[in-house]
1. Would you order W55, W127 from fewest to most other beta-carbon atoms within 10 Å of each residue's own beta-carbon?
2. Based on Cβ point charges of +1 for Lys and Arg and -1 for Asp and Glu, what charge dipole magnitude is obtained for the stretch 2-199 about its Cα centre, in debye rounded to the nearest 20?
3. Sticking with the crude label model, points 7 Å out along Cα→Cβ, report the distance from R136 to S15 in nm, one decimal please.
4. Write out the trypsin sites (Lys or Arg not before Pro) in the stretch 86-143 meeting two conditions: DSSP loop, and at most 11 other Cβ atoms within 10 Å of their Cβ.
5. Could you line up V109, V163, V46 from fewest to most neighbouring Cβ atoms inside 10 Å?
6. How about the stretch 1-63: which trypsin sites (Lys or Arg not before Pro) there lie in a loop by DSSP and see at most 13 other Cβ atoms within 10 Å?
7. List the aspartates and glutamates whose alpha-carbon lies under 18 Å from that of K18, not counting same-chain residues fewer than 8 positions away?
8. So for the pair L122, E64, with labels modelled 7 Å out along Cα→Cβ, what separation do we get in nm?
Amino acid sequence: MHTQYRQHMEAKLKSMLKPEQKKILCLGDPLPELAALCAAEGKEFVYLNELSTQWQDICREQPELDFSLPPKSYDLLIVYHALEQALDPDRLLLALRKFLQPQGQIYAVTYNIGHISTILNLMSEGWAYQDDGALRENHIRYFSNESLRRLLDQSGFEFIDEVVYQLQQVPTLSRQLSQLMKNPYLNILSFIMIGRKINTFPFIDFENDAEKEPAARPQPRERG
């Protein structure tokens, strides 16, 4: 199932690339076909995993990432099953958004922890880790549709759209539970959340003094 999913997801991400997105950052699991497509089209594709092996550990005690990249220079950030591996996903996105230009976008891909397979796993095996999927062994964070949207909002990204991945053949039990629980995401395996970088307070990036708001001029005192 997950081999088919990976192939479909990479093809989907390739189809979502826009001509104006010429400088792309990618963090998380490999996307070799996407990288090859970018190279063939003359796009810059930077795989951040190769620049830092400590990105999963960003947290309050280690709030910065040294990628040695120019700020506000990239058009698109693809976070492909990286948020599930991060100790602090909020701080990770806050650190990464600094490299996006003002109109830059993010494609955030995560598994849906509320998928029927996870629920059945919990009921039958008591949260047994798997080779892939939401319960992959190196995952320490888990997302629903709502929590992923909230994460983007709190990290300085405006929600634009979403793309969902659903298995073509839905098991009968899954359909019955979906109708019973009235959960539209029960059959959704993963999400691609599309967001746009927010450039208003409190998410303005002050990389140099020229970008800071000018100090207020002192008002002359009235003479009595």
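None of the figures in this text is laboratory data; all of them are computed from the coordinates on show. Note that the structure is predicted; figures quoted are calculated from it, not measured. Positions of Cβ are backbone-derived with ideal geometry, glycine not excepted, and every protein chain shown enters the neighbour counts.
1. On the way: W55 20, W127 9.
Fewest-to-most ranking of W55, W127: W127, W55.
2. Numbers: 20 positive and 24 negative charges, 122 e Å.
That gives a dipole near 580 debye.
3. Modelled inter-label distance: 2.2 nm.
4. On the way: sites: R91, R97, K98, R136, R141; in loops: R141.
Sites meeting the loop and neighbour criteria: none at all.
5. Values: V109 24, V163 16, V46 19.
Ascending number of Cβ neighbours within 10 Å: V163, V46, V109.
6. Working: sites: R6, K12, K14, K22, K23, K43, R60; in loops: K22, K43, R60.
Those satisfying the criteria are R60.
7. Here the aspartates and glutamates satisfying the reach criterion relative to K18 are E10, E33, E41, E44, D75, D161, E162.
8. 4.0 nm
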